[in-house]
Each structure stands twice: as structure tokens, then as C-alpha cells.
Amino acid sequence: MNWRKWLDEFVLAGKGILLAMREKRFWIGFIIAFLFFGTLINLLAGGFSKFQLMGAVGFAGSMKIILDAILGVFGYKMIITEWLPVFFLALLQGILIGLIVLLWHKKRVSKNSENSNSANVEKAGIITGLIALGAGCPTCGTTLLTPLLGALFSTGGMAMVGVISGFITALAIIIAILSLKRLGEETYVIIINEKYMRKKEEREKSA
């Protein structure tokens, strides 16, 4: 494997992400995805217990639970060891969705844009599912896998939860990083090409 080539590609992807950050549409997708996904991870930190609690405390109590989950994305009432994974996963997903939204806009007139964008959305959905399945409380070892493994393995299910959920979360992060690499490179090429074409048109008009 050519590590220098991979490093150059990641650098190029980073430049693409920085260029995307200058675009309003990127931030629209990023903010919505970051808040939604971070809130969802916090709500799922104890399996489905918070959703069950929301069904029992009524509308006002449910809004309080959701508000605490939103504030938890920024570390409010969170232990740092529990907050950092949530923040990092939400950040990755936010950047990924932000890039997809931006590319969707910039490529909507392209012949292959529909297939390409559909593939990007599908991949983002897979990453979301993997992270949500493996997400949970690092200190208490609870995830969405807890009830499933508890039912299948009554004695060893809890011991397996941390290992399996950690593997799924790591897999989701790897897929997300590789997706960001590809989308970042694509964004860089499109934005640079747009600038080149814009300057070319300006030169032709002034000639």
C-alpha cells in the first residue's frame, strides 16, 4: 500500500472539507445532523429506557429529557469520558451529512448525480445504524445490544456487550472516515473546478 499516496489523499480531503466550510449549505446539513445524531446517541445511552420514561412522564417531562439530551451533546451534565465519544461521533456524522448536502446541491445538474448522491446517502444511513447500534454508556456498558444479547446469552450476554458494541462503533468510525476522505476529495475537485470556470467566464467577458 502506498502510504504517501493515502496521506496526500487525506490532505486533499481535508482541504475539501475546509472549502466546504465556506458554504452555507454545508453548515445547514452539518448543524441539523450534528444536533440530531448527538441527541439520538444520548437518548439511546441506556437502551430504550429514556424512551420508556418519556412515555410515562408526559409531554413536559419528555421535552425536559430531550432538552437534556441536546445539551448533553455539548457536555452539559456529562462525564467527560462519556461526552467525548458522543461529541466525536456526532461531529463525524455532521460533517458527513454536511458534505452530502453540499455535493447534492452542486451535482444536481450532473447526469450521474442521482446515482452518486443515492449511494452517499445509503452509506451515511449504514454508518448511522452502526453507530446507533453500538452507542451507549461507556462506564455502565449499556447499548442497544444489551437486551438482544441478554435474551440470546442469559449468562454471558452482558460480558459480550462491551466487546461487540465497541467493535461495531469502531467499524462505523472507520467507514465514516473513509467516506469523509472520498467526499472531501470530491468536494475539493468540484469547488476548485467551479472557481476555475468562474474565472474563465470572467476573462472571456472582459476580453
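Just the residues that are among the aromatic types (Phe, Trp, Tyr) and in contact (Cβ under 8 Å) with a residue 40 or more places away in the chain, please, taken from the stretch 58-87.
Residues of the stretch 58-87 that are among the aromatic types (Phe, Trp, Tyr), as a first pass: 59, 74, 76, 83, 87.
Scanning the stretch 58-87 gives a single hit, PHE87.
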| request: With respect to PHE10, determine if the residue is farther than 22 Å from ASN193 by Cα and either modelled with pLDDT of 90 or more or not charged (D, E, K, R) (or both). | output: no
| remark: Selection over the stretch 1-35 where residues are more than 22 Å from GLN93 (Cβ to Cβ) and among the hydrophobic types (A, V, I, L, M, F, W, C) yields a count of 5
| field | Residues located in the stretch 92-110, provided they are within 22 Å of ILE174 (Cα to Cα), open to solvent by 30 Å² or more (accessible area, probe 1.4 Å) and not aliphatic (A, V, I, L, M) | value | none
| query | Considering only the stretch 30-55, how many residues are modelled with pLDDT of 85 or more and either over 30 Å from LEU103 (Cβ atoms) or of a type in the set (Val, Ile, Thr) (or both)? | reply | 3
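The values are calculated or read from the model by the stated rules, or taken from the named source; none is laboratory data. Since we're looking at a predicted model, the values are computed, not measured. All Cβ positions, even for glycine, are placed from backbone atoms using ideal geometry, and neighbour counts span all protein chains on display. SASA here: full protein model, heavy atoms, side chains in, ligands and nucleic acids out. Shrake-Rupley method; radii C 1.70, N 1.55, O 1.52, S 1.80 Å.
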